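Encoded as structure tokens, the structure appears first; notes follow it.
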Amino acid sequence: MNTTPNTASPARVYLETYGCQMNVADSELVGGILRGAGYVHTDSPAEADVILVNTCAIREHAEDRVLRRLSELAHFKRARPATRIGLLGCMAQHNRASLLGRAPWLDLVAGPDSYRRLPELLDHARFDAAVDVRLDRGETYAGLNSDHAAGIRAYVTAMRGCDRFCTFCVVPYVRGRERSVPPASILAEVRELAARGVKEIVLLGQTVNAYREGEVEFGGLLRMVAAIEGIERIRFTSPHPCNMTDPVIDAMVSEPKVQPYLHLPLQSGSNSMLAAMQRGYTVEQYLALVDRVRASIPKLALSTDIIVGFYGETEADFEATLSLMRTVRYDSAFSFKYSVREHTRAHPLGDSVSEDEKARRLAAVIELQQAIALERNRESLGHEVAVLIEGPARRGGGMMAGKTPQFKTAIVPARPGVEPGDTVVARVEAVTAQSLICARV
Ligand code: SF4
């Protein structure tokens, strides 16, 4: 089948991305697949022959936003009727049955395991709506080239899917079961990125530290990536606490390129909530893990995910979460109100906490975390930090922004000859909850 656009000039693709870093990486993959089929990228939906929206199904509110955005984008199709509009990703998978009814202008609905077939699907969509939401336990997209965004940091998918089935989470249903990308494919991608000047690699997966391909587990993969010349920093997200094995911790300890930063999703500080969520660990086990990684990795920064208002969460459960936050003292936290998702194990239970109460609990978590983050950043005052420069600071004023090994944003004075990708040593002179303001040493 001819998969190239049949217009005189190459067809232009506009692609919008919602959701997590995995989705951003998938959009880069889609960009690479379509470029290979003769399409070119455009930043303008008004000029696009193909408009794609890569979506997230984690929270209902994200889905509503995407549907609103899709109806705005349909306006471009009214102006240029040959324009094809497609919905990709988790929401396509989640709402496959109802999407074409709710958004009749859609020409294409493709789930996260269908991207290899996108050129054919887009050809088909010239004549009739194309729907492909098959999940494929074998699809890792190994060997395909992604169109990575320019920059000194690149995100490389190491694993797809999830086997854990936490009761609140839709991921295993929309992204399918766990599968690991073969090491050779990951290493080839990282080598190419290093040759382009990328300094920092973030390995991605829903439970990235569950990585296993043949004899290679995640600690081994970290060591292989660390051996690639030109790569200076390695991070990974998101690990699952149950998969923080000794080999993974050992690799973090012994490979200087693996940065002292760990995102360790907690979700709740109450054992009854953790059991209801089927997270696979207790508060005591989680705290023991925190002690172990902190004892092994000096200067480790910890971040987490917290859900408030899960079904059955009492005031005492919620207080237990706040108490655990005070105990661990995270450097940062992503916190969310529980959102009931269709298809999940918790869906039949519905909601037991009102929206107002969820909002109150969320505000309390955010307020506490802000205070803790500020305290933790204050501990850096007067210390020297190695800042990998990313570009001009948003505040301007002759300042540049970069990240410390702990993934904290650091603002440093610009200096002639210092470019994005350089690492400079700076002293922390002032802090906010979000950033370190530094002087050059
Ligand atoms: S580990 Fe749990 S929360 Fe994370 S993606 Fe898998 S099912 Fe969802």
Query raised in the report: In the stretch 226-268, which residues are in contact (Cβ under 8 Å) with a residue 60 or more places away in the chain and either more than 16 Å from the ligand (Cβ to nearest atom) or of a type in the set (D, E, K, R) (or both)?
Result: GLU232, ARG233, ARG235, GLN259, PRO260, TYR261
Requested in this report: Confirm whether GLN370 is crowded, with 17+ Cβ neighbours inside 10 Å, of a type in the set (S, T, N, Q) and modelled with pLDDT of 95 or more.
Outcome: no
**Report entry** Pair list, Cβ < 7 Å and 6+ apart or interchain, from the stretch 149-171 residues that are of a type in the set (Phe, Trp, Tyr) to residues that are within 14 Å of the ligand (Cβ to nearest atom) and part of a loop (DSSP other than H, G, I, E, B)
**Finding:** PHE165/GLN278; PHE165/ARG345; PHE168/PHE310; PHE168/TYR338; PHE168/THR344; PHE168/ALA346
Requested in this report: Scan the stretch 269-289 residue by residue and report those that are out of contact with any Pro (no Cβ under 9 Å at 6 or more places or on another chain) and away from the ligand (no atom under 12 Å from the Cβ).
Outcome: GLY269, SER270, ASN271, SER272, MET273, ALA275, ALA276, THR282, VAL283, GLU284, LEU287, ALA288
**Report entry** Qualifying positions in the stretch 409-441 - among the hydroxyl-bearing types (Ser, Thr, Tyr) and either in a strand (DSSP E or B) or closer than 26 Å to ILE234 by Cβ (or both)
**Finding:** THR409, THR423, SER435
Query raised in the report: Could we say that ARG35 is touching a residue at least 12 places away in the same chain (Cβ under 8 Å) and in a helix (DSSP H, G or I) here?
Result: yes
Requested in this report: Determine whether GLN406 is in contact (Cβ under 8 Å) with a residue 60 or more places away in the chain and part of a helix (DSSP H, G or I).
Outcome: no
Query raised in the report: Hey, does the stretch 176-194 have a residue that's farther than 30 Å from GLU419 by Cα, touching a residue at least 60 places away in the same chain (Cβ under 8 Å) and hydrophobic (A, V, I, L, M, F, W, C)?
Result: no
Query raised in the report: Given the conditions (1) hydrophobic (A, V, I, L, M, F, W, C); (2) under 23 Å from TYR155 (Cβ atoms); (3) in contact with a helix residue (DSSP H, G or I) (Cβ under 9 Å, 6 or more places away or on another chain), which single one is not true for ILE51?
Result: (2)
Requested in this report: Scan the stretch 324-336 and report the pairs whose first residue is in contact (Cβ under 8 Å) with a residue 60 or more places away in the chain and whose second residue is in a loop (DSSP other than H, G, I, E, B) and among the acidic types (Asp, Glu), with Cβ atoms within less than 6 Å and a gap of 6+ or a chain change.
Outcome: none
Query raised in the report: Of the conditions (1) modelled with pLDDT under 95; (2) assigned to a helix (DSSP H, G or I); (3) touching a strand residue (DSSP E or B) at 6+ places or on another chain (Cβ under 6 Å), ARG68 fails just one. Which one is it?
Result: (3)
Report task. Tally the residues that are under 22 Å from GLY161 (Cβ atoms), under 19 Å from the mean Cα position of the chain (by Cα) and charged (D, E, K, R), restricting the search to the stretch 210-255. Result -> 1
Report task. Could you tell me which numbered condition ARG341 fails, if it satisfies all but one of (1) exposed (fewer than 14 other Cβ atoms within 10 Å of the Cβ); (2) in the same structural domain as ARG279 (by TED's automatic domain parsing); (3) among the charged types (D, E, K, R)? Result -> (1)
**Report entry** All positions within the stretch 167-187 that are surrounded by fewer than 20 Cβ atoms within 10 Å (Cβ to Cβ) and in contact with a Leu (Cβ under 7 Å, 6 or more places away or on another chain)
**Finding:** PRO183
Report task. Select the helices (runs of 4 or more DSSP H) contained entirely in the stretch 211-299, then report the ones holding at least 2 residues which are aliphatic (A, V, I, L, M) and surrounded by fewer than 20 Cβ atoms within 10 Å (Cβ to Cβ). Result -> 218-226, 246-254, 283-296
**Report entry** Test for ARG360: is it farther than 15 Å from ARG440 by Cα, surrounded by fewer than 18 Cβ atoms within 10 Å (Cβ to Cβ) and not assigned by TED's automatic domain parsing to the domain that holds LEU436
**Finding:** yes
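The values are calculated or read from the model by the stated rules, or taken from the named source; none is laboratory data. Please read these numbers as outputs of a predicted model, since none were measured by experiment. We place every Cβ from the backbone using ideal geometry, glycine too, and count neighbours over all the protein chains shown.
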